[in-house]
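Structure, as structure tokens:
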Amino acid sequence: MLRKFKKSEKGFTLIELITVIVIIGILAAVAVPKFISLTGQAKAAQCKANQAALESAAAMAYATAAASGTPAYPAALSDLSSYMTSGYTATCTDGTTALTYSSTTGAVSCSNHSR
Ligand SMILES: [Zn+2]
């Protein structure tokens, strides 16, 4: 009777479960660092795109000023608000570093992400 009962049991052995858990652990150990690396790359790309967008806005402001006879870049990034969507901030995607702006060349740069 005991033999019949044992034969009808279905399930995994402890060795099978440990093997699966170890394989999942190895996959996670490979995937997590890759995911962190991709996040950093995405933030760097976004910061560089923001810099380019601000430079484009500065160029538009320069052209507008030139059309009215006084070609000059805006004195500060905050003067570009009419060329940007509302709520933009001239900060790096790390959330703290401010982007630097040159009112003589219109160049925008980040100390963390150079282009
Ligand atoms: Zn940056």
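Inspection of region 74-92 finds a residue satisfying the criterion of being near the ligand (Cβ under 10 Å from one of its atoms), surrounded by 10 or more Cβ atoms within 10 Å (Cβ to Cβ), assigned to a loop (DSSP other than H, G, I, E, B) and within 18 Å of the chain's Cα centre (by Cα). Note on region 103-114: among residues that are out of contact with any Cys (no Cβ under 9 Å at 6 or more places or on another chain) and within 16 Å of the ligand (Cβ to nearest atom), the one that is nearest to GLN41 (Cα to Cα) is SER114. Of all the listed residues (GLY69, GLY11, GLY95), the sole one being assigned to a loop (DSSP other than H, G, I, E, B), loosely packed, with under 11 Cβ neighbours inside 10 Å and within 16 Å of the ligand (Cβ to nearest atom) is GLY95. Looking only at residues in region 47-59 that are free of Cβ contacts under 8 Å to residues at least 60 places away in the same chain and farther than 14 Å from THR85 by Cβ, the one that is farthest from the ligand (Cβ to nearest atom) is ALA59. Applying a threshold of 8 Å to beta carbon distances and a minimum spacing of six or more residues, or different chains, the list of pairs starting in region 94-115 at a residue that is among the acidic types (Asp, Glu) and ending at one that is within 13 Å of the ligand (Cβ to nearest atom) and in a loop (DSSP other than H, G, I, E, B) reads ASP94/ASN112. Is there a residue in region 50-60 that is over 35 Å from the mean Cα position of the chain (by Cα) and assigned to a helix (DSSP H, G or I)? Within region 50-60, not a single residue is over 35 Å from the mean Cα position of the chain (by Cα) and assigned to a helix (DSSP H, G or I).
Take the conditions at pLDDT below 95 and aromatic (Phe, Trp, Tyr) and apply them to TYR83. Does it pass?
When the stated conditions are applied, TYR83 passes them.
The values are calculated or read from the model by the stated rules, or taken from the named source; none is laboratory data. What you see is a predicted model, and the numbers here were worked out from it, not measured in a lab. For neighbour counting, all protein chains shown are included, and Cβ atoms are generated from backbone atoms with ideal geometry for every residue, glycine included.
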